[in-house]
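The values are calculated or read from the model by the stated rules, or taken from the named source; none is laboratory data. Everything quoted here is computed from the prediction, not taken from an experiment. Backbone-built Cβ (ideal geometry, glycine too); neighbour counts: all protein chains shown.
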Amino acid sequence: MVKGIHRPTRAIINLGAIKRNIINELERLDSRVSLFAVVKADAYGHGAVEVAQAAVAAGASGFCVAVLDEAIELREAGFDVPIIVLGIINPAYLQLVSRYRLSVTAPSNEWLLAAEEAYYEFQLTEKIPVHVKIDTGMGRIGFIDKKEMTKANDYLASSPVFELEGLYTHFATADTVDETYFHLQQQRFAEARQLFPEAIKYVHTANTATALWHDAWGSNMVRFGNAMYGLNPSGTELTPPYQLEEALSLETELLHVKQLKKGEHIGYGADYETQDDEWIGTIPVGYADGLRRSFSGYSVLIDGREAAIVGRICMDQCMIRLPEKYPLGTKVTVYGKNGGRFNSIQKASEYIGTINYELPCNLSERVPRIYV
Ligand code: PLP
């Protein structure tokens, strides 16, 4: 997709905020626990390579991604630290795993056998580091059955193909006040842990929420995602132990301004009607940029004041009701700070009834990312 560099809409990424969020987390962690930066989905829309650079500078020891190509992008960019692919890789691509020195998830014995076949087919020579995934209750991927776990452990113990580098699980409810389900998963992981050797390089159970709000997660690596971007995984349910700094702002400029008489209509469906003589601005950001149509009615910021989006959001533009006439080119902030006011991504996500994770991920490639 082409980037819209010749229009004023851009996402400003504050790499200093990302570093500070990581440093704050590292200060709380035991020195034997390493932090891997979760930079999947283009670092939650912030830009994988740039965030990865900031993360390493702040003390991250490795990266987690979801998709093989995301790992390859990081290696191609020159990163030498461990990279774990959390999603399931098709064994047909095992030669890429080997070539790029990646660590991969083993979700089942079936996968291990298929990957072993591919290993010999491609005549690979270096052992492939695997992280055995235990499904303790997320219900997504991983081993559930203890017999299967024992079989995997026995197989890996003598495998010339794989090295058991990691053992992990993922909590489904670490971001809520009620810890009942968390404890059930924790118990299941403790039982699974017994079935594998004492010495495994990385045992990892903690995503951001687990690291922030649960002391006894018993592992030596944190998969640190959402809080790195300054976002609270619980929304507003739980308070983080340190101040999170949102790293992404979405800014644009007034591109067109006019006064409409009372009773005029705006946008597709003509479903907004001016209540008075109103100053209406047009800004070049729409649903193709990631501003979902459900943002209609949401207030962006101009000159430190609120301006509601009126009418339906178009693909490339939307209209806002200005508190007064403003000159063309005036800065408009969808998320971020403007004249002493702050539109948080959290608040915006609540407006459209989603989680804060989704908004930066939704920003399309057309929106240039600017790093400060
Ligand atoms: N670990 C796994 C397996 C994940 O799927 C994710 C994200 O979805 C993370 C860690 C990071 O989660 P968070 O961004 O909440 O820290």
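Is it the case that SER294 is among the polar types (S, T, N, Q), in contact (Cβ under 8 Å) with a residue 24 or more places away in the chain, surrounded by fewer than 21 Cβ atoms within 10 Å (Cβ to Cβ) and not in a loop (DSSP other than H, G, I, E, B)?
So SER294 passes the test.
Picking from ASP277, ASP271, which residue would you name as being away from the ligand (no atom under 16 Å from the Cβ) and free of Cβ contacts under 8 Å to residues at least 24 places away in the same chain?
The match here is ASP277.
Please count how many residues of region 193-213 are more than 20 Å from GLY87 (Cα to Cα) and within 16 Å of the ligand (Cβ to nearest atom).
So the answer is 3.
Pairs needed: first member in region 95-123, more than 27 Å from ASP80 (Cβ to Cβ); second member anywhere, among the acidic types (Asp, Glu); C-beta distance under 7 Å; at least 6 residues apart or different chains.
ASN109/GLU148
Can PHE162 be described as within 16 Å of the ligand (Cβ to nearest atom), of a type in the set (Phe, Trp, Tyr) and touching a helix residue (DSSP H, G or I) at 6+ places or on another chain (Cβ under 9 Å)?
So PHE162 does not fit the description; no.
Would you please list the contacts, defined by Cβ atoms under 9 Å and residues six or more apart or on different chains, that run from a residue in region 221-232 that is on the phi > 0 side of the Ramachandran plot to a residue that is near the ligand (Cβ under 7 Å from one of its atoms) and modelled with pLDDT of 95 or more?
none
Could you say whether any residue in region 186-205 is surrounded by 17 or more Cβ atoms within 10 Å (Cβ to Cβ) and closer than 26 Å to LEU359 by Cβ?
Checked against the condition, which is being surrounded by 17 or more Cβ atoms within 10 Å (Cβ to Cβ) and closer than 26 Å to LEU359 by Cβ, region 186-205 yields no hits at all.
Select from region 39-57 the residues that are over 21 Å from ILE141 (Cα atoms) and small (Gly, Ala, Ser) and write down the one among them that is surrounded by the fewest Cβ atoms within 10 Å (Cβ to Cβ).
It comes out as ALA57.
Quick one: what pairs do we get from region 128-156, first residue away from the ligand (no atom under 16 Å from the Cβ), second among the basic types (Lys, Arg) and assigned to a loop (DSSP other than H, G, I, E, B), C-beta under 9 Å, 6+ apart or different chains?
Listed by first residue and then by second, the contacts come to PRO129/ARG101; PRO129/LYS201.
Only one of (1) modelled with pLDDT under 95; (2) aliphatic (A, V, I, L, M); (3) within 12 Å of the ligand (Cβ to nearest atom) fails for ALA216. Which number is that?
In the conditions (1) modelled with pLDDT under 95; (2) aliphatic (A, V, I, L, M); (3) within 12 Å of the ligand (Cβ to nearest atom), ALA216 misses (3) alone.
Answer with yes or no whether ILE302 is under 18 Å from ALA11 (Cα atoms), buried (at least 17 other Cβ atoms within 10 Å of the Cβ) and either touching an Asp or Glu at 6+ places or on another chain (Cβ under 8 Å) or without any contact (Cβ under 8 Å) to a residue 60 or more places away in the chain (or both).
When the stated conditions are applied, ILE302 passes them.
Quick one: is VAL51 closer than 18 Å to PHE122 by Cβ and within 13 Å of the ligand (Cβ to nearest atom)?
Taking the combined requirement at face value, the residue does not satisfy it.
Check every one of the helices (runs of 4 or more DSSP H) wholly within region 122-233 and list those with 2 or more residues that are more than 24 Å from SER61 (Cβ to Cβ).
Output list reads 146-157, 180-193.
Among the residues of region 1-38 satisfying the criterion of being polar (S, T, N, Q) and within 16 Å of the ligand (Cβ to nearest atom), which is surrounded by the fewest Cβ atoms within 10 Å (Cβ to Cβ)?
Only one residue tops the list, namely ASN24.
Please verify whether ALA60 is within 16 Å of the ligand (Cβ to nearest atom), surrounded by 21 or more Cβ atoms within 10 Å (Cβ to Cβ), of a type outside the set (Ser, Thr, Tyr) and farther than 21 Å from ASN362 by Cα, treating the condition exactly as stated.
yes
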